Structure formats: structure tokens, C-alpha cells
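Inspection log for the structure reproduced underneath, given as C-alpha cells.
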């Protein structure tokens, strides 16, 4: 197991320059042919956020300012912007080998590094959206404080975790299309049931809290809101941290197991 993990880490390090170049090419390819080009990386999320803000705060009157005076729009953005990254990783990152079959069959690119290409490209978009989130944060009159130190740590943690998910499930998806279809079908339920547009602290049913504590989407959404909106450290919610730590370890072991079993079979299947 350790030798397989070392192989994955070594491949990603040795091919880091190619990963970086191909990640930029992925973004260029996405924006090619559009007049607004890279502007669509901001326009589509902005439309998404506006619709939820209008429906929840203006329509259903669910918005409320925090104790620090931050408006509801900041709470909403702090959860939805990280979700955009996770949504892309769930929908596309878990079937990324079908997106780059030529890297497997013609160039002999390390399979684990193919996931890193898409994860890096998606994270670059996320970093651009984080700049927008910080702009919203300051426009809402919020000050610089030590809680924002959690943000870069969370971004790194989010990158590593969802890259592991991509490595494991993209290989399974390459072998069986049912895996990709199942994961994509779960994307919408995960959004509505993970606390992206509601506060998980308002749920007081024990078994539901236990399920949410092992939901990685809930962890990241809650963690970013803790930094930007709630003004608290994420470890002040030990149940959520312990649950995510357990899921992180299980995901790492699962990734190594799947990679070891399927790594040599995937090129033949593709």
C-alpha cells in the first residue's frame, strides 16, 4: 500500500510541469470560442448565486445577519463558491479518464496525474472565485482577522481530498460507466442535503448530524463559513473535524487500493 502511495506522489511530482501546462490548456479550451472568454468563469456562478439569494432572502425571508453584522449574501457565497469546485469534481473529476483518453493510450501519461490536471484547472477557477469572495467580504464591511488564515489551509485540503476522490472513482468509472452515472446522479441530492443552502447547526436530530459529520461537502462548506462568516475556528466543531478526518483516511486507503488493482487494466479498457 505504501509503495503504491509513493508511486502516486512521485508521479505527480515528476510530472508537475506538464500538469501545470495542461491545466492552463484545459481552461483555455473551456473558454475558446466565447466572446466573453474567461468571463464565463464568473458570470455563471454569479447568476447561480443571485438566483439563490433572491429566492432565499427576498422570497422565503431566510436571510439573517450574523452577530458581526455580516449580511446573508456573505453566508451564501461562503458556502456556494466552494461548492462550485466540489460540484465540478463530482460531475467531471470522477470520470476524468474519459475526458483525456489520449493521455493514457498515446502519451502514456501517469494515470494518477491525469486527475491532477483537472483538479488543478478546477482549483485555478476556484482561486479566481475566492478573489471575488474576498471582495464581497470586504464590501460587506468585514475586517481582516486571524480566522481568515483557515482559508489557504482549506483550499489545499480541498484540493488533496477531491484529487484523491478523482483518482479512485475515475478508474472505477473507466471500468464501469455505471459508476460515473451513479455519482453524477448523486450530485443534486448532495447539494440539497449537505448544508450548502441551509445551516447544519439548525438540525438537532442526532442521526442526521452524524451523517452530516461524515459528509465532506458539509465539512468544507461549514469550514469556509466559519472563516468568512461565523468568525470561529473549524475545530470548535469537533464532531465535524473527526468525521472528516475519518473520511479522509478512508478515502486515501480506498484510492490506493483501487489504483493498485486497476492501474494496469485501465489503458486496455480505454
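Between residue 205 and residue 242, what FRET efficiency follows from the Cβ-Cβ distance if R0 is 25 Å, with the result rounded to 0.05?
FRET efficiency, residue 205 to residue 242: 0.85.
Looking at the chain as a GNM with Cα springs under 10 Å, which of 45, 101, 152 has the largest mean-square fluctuation?
152
For residue 250, put the label point 7 Å out on the Cα→Cβ axis and report which residues of the range 190-230 keep their amide N under 15 Å from it.
The answer is 208-219, whose backbone nitrogens lie closer than 15 Å to the label point.
Taking the Cα atoms of the range 121-270 alone, what are Rg (to one decimal) and Dmax (as a whole number) in Å?
Both quantities, over Cα of the range 121-270: 17.4, 56 Å.
Could you line up 199, 3 from fewest to most neighbouring Cβ atoms inside 10 Å?
Fewest-to-most Cβ neighbours within 10 Å comes out as 3, 199.
Can you give the translational diffusion coefficient of the range 93-132 in µm²/s, computed by Stokes-Einstein from the Kirkwood radius over Cα pairs at 37 °C and 0.692 mPa s?
Translational diffusion coefficient: 300 µm²/s.
Starting from the 7 Å offset along Cα-to-Cβ, what nm value, one decimal, do you get for the label separation of residue 134 and residue 102?
3.6 nm
Using C-alpha positions alone, give me the convex hull volume of the range 198-253 per residue in cubic angstrom.
Cα convex hull per residue, to the nearest whole number: 77 Å³.
Using the 10 angstrom Cβ neighbour count as an exposure proxy, how do 241, 77 rank, fewest first?
241, 77
Could you work out how far apart the two model spin labels at residue 21 and residue 51 are, taking each label as a point 7 Å from the Cα in the direction of the beta carbon, and quote it in nm?
3.9 nm
Using the 10 angstrom Cβ neighbour count as an exposure proxy, how do 115, 222 rank, fewest first?
222, 115
Among 83, 207, 13, which one shows the biggest mean-square fluctuation in a GNM of the chain, springs joining Cα atoms closer than 10 Å?
Of 83, 207, 13, the most mobile in the Gaussian network model is 207.
Hey, could you pull the Cα Rg and Dmax for the chain, both in Å?
When restricted to the Cα atoms of the chain, Rg and Dmax are 19.2, 58 Å.
Can you give me the angle between helix 16-31 and the longest principal axis of the chain, using Cα atoms only, in degrees from 0 to 90, rounded to the nearest 10?
60 degrees
For the chain, modelled as a Gaussian network with Cα springs under 10 Å, which listed residue fluctuates most, 103, 182, 127?
Result: 182 has the largest fluctuation of those listed.
Can you show me the helix-derived [θ] at 222 nm for the chain, built from DSSP H runs with n ≥ 4 at -39,500 (n - 2.57) apiece and divided by the number of residues, rounded to the nearest 500.
Computed ellipticity for the chain at 222 nm equals -23000 deg cm²/dmol.
Where a number appears in this text, it was derived from the coordinates with a stated rule and is not lab data. Because the structure is predicted, anything quoted here is derived from the model rather than measured. A quick note on method: Cβ atoms are made from the backbone with ideal geometry, for glycine too, and the neighbour counts reach across all protein chains shown.
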